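Just so it is clear, none of the values below were taken in a lab; they were calculated from the coordinates. In this text the structure is predicted, and so the values were computed from the model without any measurement. When we count neighbours, we look across all protein chains shown, and the Cβ atoms used for this are built from the backbone with ideal geometry, even at glycine.
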Amino acid sequence: MQYLSWRAIFLLNVPIGLLVLHLVKKGLAGEEWKGAGGEGFDLAGALVYTAALAALMYGLSAITEARGQLFAVGGAAAMAFFLRRETRIANPILNAGLFMKNKVFAFSSLAAFLNYSASFAAGFLLSLYLQYARGMTPKQAGFVLVFQPLFMVAFSPWAGRLSDRRDPGLIASAGMALTAAGILLFAGPESGLPLWRIITGLCVLGLGLALFSSPNTNAVMGSVEKRYYSVASAALATMRVTGQMFSMAVVMLLFSIFVGKVRLGPENHEGLARAFGAGVWIFAALAVLGVFASLKRRKAS
C-alpha cells in the first residue's frame, strides 16, 4: 500500500487462483472427487443468500441512517427465508440437515463463525490505528502486523498433528480462549497502546488462531461420513467467510457511530481509537462465546 494502490493487493490472488483452478481441474478426473453426482444446483437459494448477505452488510455499515436500518431488516428477513427454504428442498446449497442432526458439526461450525467474527477485523483496525494514531507508515505497520501470521504459520502444523492424537475440541477451545486473551491485550487504545502490548497481543492471537483452525477443521471433517466431506468443507468455508464479513460489518457500524461519514485520516484518530476500543470488547465477547460453542461441541460428541 505504501508504493501501490490498495487495489493492487487483489492482483496477488490472480496467479494463486489460476494455479488452484488448474490443480482442481486435474484432480476432478478422479472418481474420489465425485460425491454429488446427479444433484441439481440450487441457483435460487444462491441468489437469495447473496442478496440477503449483501443487504445485511450494507445495512449494518449505515445503521445510523433510515436507509441502512431498512436494508438491515430486509437482509435479516431474507436470510431467515433462505434458511427456512433450505430445509424444504431436495438439493439445498446449504445442507441444513447436517446442522440439525449432527450437533458436533453444528457447534463446530458455530465456533468457526464466532472465531472469524472475533478475529478477522483486528488486523484491519490495528493497521489504521498504527498509521493514524501512532503515525507509522504502511510499511512500518505491516512489519508489526506480521507477527500474527508468523505465529500461525509456526504453530498450525503442530496444532494439526496434536489434534490427531488428542481431543480436537479441547485444543480448539483453548485456541478460542487464547484468541479472546489476545484481543483483550488491545483494550484501551484511547489512552495509547504501548508497542510491546500490540506485538504481544498479535503473537497470542496468532497462537490462538493456530490452535483453533486446524483442530476445528479436524473435528468438523471427523464428524461426518466420507460422502459428506465436500458439503462439510463448503459449509465450514461459508462460516469462515460469513464470519469475516460480519466482523467487518461490526467495524463499519462502529465507524458510523464514532467517526461518521468522513474520510479516515490522522485528523480523526480520536474517533478511530474509540471505535477500536469498543470493537475490542465486542470481539472479545464473540471469542468467549466461541469458547462455549466449542466446549458444547465436546459434550455433544
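Quick notes
- Acute angle (nearest 10 degrees) that the helix 66-86 long axis makes with the longest principal axis of the chain, alpha-carbon atoms: 20 degrees
- Summarising the overall dimensions of the chain from its C-alpha atoms, the Rg and Dmax are 20.3, 60 angstrom.
- Amide H contacts for residue 264 (H built 1.01 Å from N in the peptide plane; partners 5 or more residues away or on another chain; cut-off under 5 Å): none found.
- All aspartates and glutamates inside 12 Å of residue 25 as judged from Cα atoms, apart from same-chain residues fewer than 8 positions distant: none
- Residues in the stretch 274-289 carry Karplus couplings, in order, of 5, 5, 4, x, 5, x, 4, 6, 5, 5, 5, 5, 4, 5, 5, 4 Hz; the curve used is 6.51 cos²θ - 1.76 cosθ + 1.60 with θ = phi - 60°, and Gly or Pro positions show x.
- Candidates 128, 12, 53, ranked by Gaussian network fluctuation over the chain, Cα under 10 Å, top entry: 12
- Cα centroid of the stretch 86-121 to Cα centroid of the stretch 127-183, whole Å: 24 Å
- Between the helical axis of 168-184 and the longest alpha-carbon principal axis of the chain there is an angle of about 20 degrees.
- Phi-derived couplings, Karplus 6.51 cos²θ - 1.76 cosθ + 1.60 at θ = phi - 60°, listed residue by residue for the stretch 135-142: x, 7, 7, x, 5, 5, 4, x Hz, with x used for Gly and Pro.
- Among 144, 156, 133 - extreme Cα towards positive end, dipole of the stretch 103-301, charges at beta-carbon: 156
- Where Rh is the Kirkwood radius over Cα pairs, Rg/Rh for the stretch 140-297: 1.02
- Three-way shape label, the stretch 40-94, alpha-carbon gyration tensor, a/c 1.5: prolate
- The trypsin sites (Lys or Arg not before Pro) of the stretch 222-267 that meet both conditions, a loop assignment by DSSP and at most 14 other Cβ atoms within 10 Å of the site Cβ, are 261, 263.
- The stretch 40-94: relative contact order as a whole-number percent, Cα under 8 Å and 6+ apart: 43 percent
- Taking 175, 206, 45 in turn, the Gaussian network model of the chain (Cα-Cα springs below 10 Å) assigns the largest fluctuation to 45.
- Rounded tilt (10° steps) of 229-258 against the dominant C-alpha axis of the chain: 20 degrees
- Mean ellipticity per residue at 222 nm, deg cm²/dmol - from DSSP H runs of n ≥ 4 across the chain, formula -39500 (n - 2.57): -25500 deg cm²/dmol
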